[in-house]
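First up is the structure itself, then whatever we jot down about it.
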Amino acid sequence: MPVKNTHEQKTNELFIALGAERCETFAPCYQTHFLDKRGSLNEHRPDYIYTYPDGRILFIESKQGGSKALNSKQSKEACHNKLRDQYRHRFGREAGSMSHSTLSSALWNASHYNDCLDHAWNHSLTKVLITQKTLGREQFIVVFTDPPKVEHAEKYNKKGLLFITLTDLPKFLN
C-alpha cells in the first residue's frame with residue numbers, strides 16, 4: 001500500500017519500528033465486510049496489523065487526530081452523497097456513477113483534504129465504532145498520531161470508542 005504524504009510517511013516509519021506491518025484487509029482472521037447503520041454491507045480495511053509474541057493479532061486504524069475530528073456520517077451512502085456534492089462544488093461538473101472511493105481519491109488528489117476528512121466513510125466515527133464493536137477492542141484499535149482535541153476525545157469516549165495516541169502505543173503493545 002503506497003504512503004501518500006510526508007505526515008503519513010513519518011507515521012508509517014513509527015508503526016513499522018514498533019513491529020506493525022501495513023495491511024489492507026482483516027482476512028483471513030476476521031470478516032472484511034460490515035453493516036452500516038442503514039443496513040448496507042461495506043468493506044472495511046485496517047491500516048496496520050501487529051502480531052504479539054504470543055500470536056494474538058491487533059489491527060490498527062491510524063487517524064491524524066489534532067483539531068480534525070472523525071466525521072459524524074452514519075452510513076457509506078450518506079458519505080457518498082456528500083462527496084458527490086463536494087465534487088460538483090469543487091470541479092463544476094456532476095460525478096455521474098463515480099464510486100465513493102473514486103470521488104474521495106479525486107478530491108484528495110486535488111488537495112481538498114478537508115472534504116475527505118469531513119465526508120468520507122473511511123474517516124467516519126460510526127465506521128470505526130462498527131468495526132471495533134464487531135471485532136472487539138482486543139483485536140481493533142484506533143491510534144491517533146496527534147492527540148485529539150479534548151471535546152473530540154470526550155465524544156469518542158462517550159460513544160464507546162477505545163482509542164490511544166501514537167505516543168501511548170508502545171505501552172499499549174506491552
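As a check on your grasp of the helix formula, calculate [θ] at 222 nm for the chain: sum -39500 (n - 2.57) over DSSP H runs of n ≥ 4, divide by the residue count, round to the nearest 500. Helix contribution divided over all residues of the chain: -12000 deg cm²/dmol. Taking the charge dipole of region 38-86 about its Cα centre, with +1 at Lys and Arg Cβ atoms and -1 at Asp and Glu Cβ atoms, the residue from Ala69, Leu83, Leu58 reaching farthest to the positive side is Leu83.
Whole-percent P(r), region 5-63, all Cα pairs, 5 Å bins from 0: 4, 17, 23, 20, 15, 11, 7, 2. Judged by the gyration tensor of its Cα atoms, with axes a ≥ b ≥ c, region 71-123 is oblate; a/c meets the 1.5 cut and b/c is at least as large as a/b. In a reduced charge model with +1 at each Lys and Arg Cβ and -1 at each Asp and Glu Cβ, the chain shows a dipole moment near 500 debye about its Cα centre. For the peptides 13-19, 43-49, the ranking by mean Cβ contacts within 10 Å, running from highest to lowest, is 43-49, 13-19.
Taking the Cα of Glu151, stepping 7 Å toward and past its beta carbon, and measuring to each backbone N in region 40-76: which are under 20 Å? Correct set: 64-74. Could you work out the local net charge near Ser75, counting Lys and Arg as +1, Asp and Glu as -1, over the other residues with Cβ closer than 12 Å to its Cβ? Every neighbour counted, the sum reads +4.
Taking other C-beta atoms within 10 Å as the exposure proxy, Lys76, Lys158 rank Lys158, Lys76 from fewest upward.
For the chain, the square roots a ≥ b ≥ c of the C-alpha gyration tensor eigenvalues yield an a/c of 1.5 or more together with a/b exceeding b/c, which makes the shape prolate. Between Leu41 and Lys171, the FRET efficiency estimated from the beta carbon spacing at R0 = 41 angstrom works out to 0.70.
No lab work stands behind these numbers, since they all come straight from the coordinates. Treat the numbers as computed from the prediction; the structure is a model and nothing was measured. Glycine also receives a Cβ, built like all others from the backbone with ideal geometry; neighbour counts cover every protein chain displayed.
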